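The next block holds one structure in the form of structure tokens; read it before the comments.
The values are calculated or read from the model by the stated rules, or taken from the named source; none is laboratory data. For clarity, every value in this text was computed on a predicted model and none was experimentally measured. Positions of Cβ are backbone-derived with ideal geometry, glycine not excepted, and every protein chain shown enters the neighbour counts. These accessible areas exclude ligands, DNA and RNA; they are computed on the full protein's heavy atoms, side chains included. Shrake-Rupley method; radii C 1.70, N 1.55, O 1.52, S 1.80 Å.
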Amino acid sequence: MSKMILLSVCLLLGNIPAFSFSASSKPKINCLIINLDYVNCTWSEQKHNYSFKSKFTHNELLDCPKYLRNDSVNVGCIFPYKRPQRFTTLIIWLYSDDGSLVTMQEHNLMPNVKLYPPFNLTVVEKKDSELWLYWSMPTNISCIESHVLYRTDDNAWQITTTGFSTTIFLPFHLKKRYEFQVRARIASGCGQSMFWSDWSEPVYWGSLKTNNSTGVSGVRQMQ
């Protein structure tokens, strides 16, 4: 009987390390390349003050240059991005306060890019009763696709794809108000991202109601 009890205790103690460091108990790390400018990594477990190291394949190992903090606890890391690092593997190490390794993870960041919203939206009236919408992209690579969201007055929103173009034109009516927004993402020709940017600030054309109930016609650009 005593041998059986001793065997049970040994088995129980032997299982503790495996359970404590199982894959399900390790912090989950999510990383996103922001506008091809920097990488933002955050982790799910935010009770311990972890330290963060990372490297892209064939690049040097880096300590975290800037931590994201919540109540004096490290909850994420921001570090520079250089093109075309997203086509290589990002390796991440997370360490506890005593210097022991908590987890090492490998990430493919090619589809994990979120651009800033398009900006400088401008509406121009041209001949033949056409409205032309122009916008600028947040980064200077060629293969960025756009969605244009628009509506007249308070009617239902419509969405259209413009491919790589940064212009679109629509027929218009003088007595209607037009509202436009644009979002963007990296297209398949450059390694398609899963993430669209946020929608841009809106731009208007037409008759706008103001507080004193007077009509205002013309272009309203992003604020």
Find the eigenvalues of the gyration tensor of the Cα atoms of the stretch 60-201, then list the square roots of 5 times those eigenvalues as equivalent ellipsoid semi-axes, largest first, in whole angstrom.
42, 17, 12
Label zone at Trp93, where the point sits 7 Å out along the Cα-to-Cβ direction: the stretch 45-69 residues whose backbone N lies under 16 Å
50-65
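Within the stretch 37-175, what whole-number % of the accessible surface is contributed by carbon and sulfur, with the 1.4 Å probe and all protein chains included in the calculation? Let's see the in-between values first.
On the way: 4100 of 7970 Å².
Ligands and nucleic acids excluded, carbon and sulfur reach 51 percent.
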Calculate, for the stretch 67-118, the solvent-accessible area per residue in square angstrom, rolling a 1.4 angstrom probe over the heavy atoms of the protein chains.
52
What does the highest-first list of 49-62, 147-160 look like by mean Cβ count within 10 Å?
49-62, 147-160
Test of understanding: express the Cα radius of gyration of the stretch 85-145 as a ratio to 2.2 N^0.38 Å, with N the residue count.
2.06
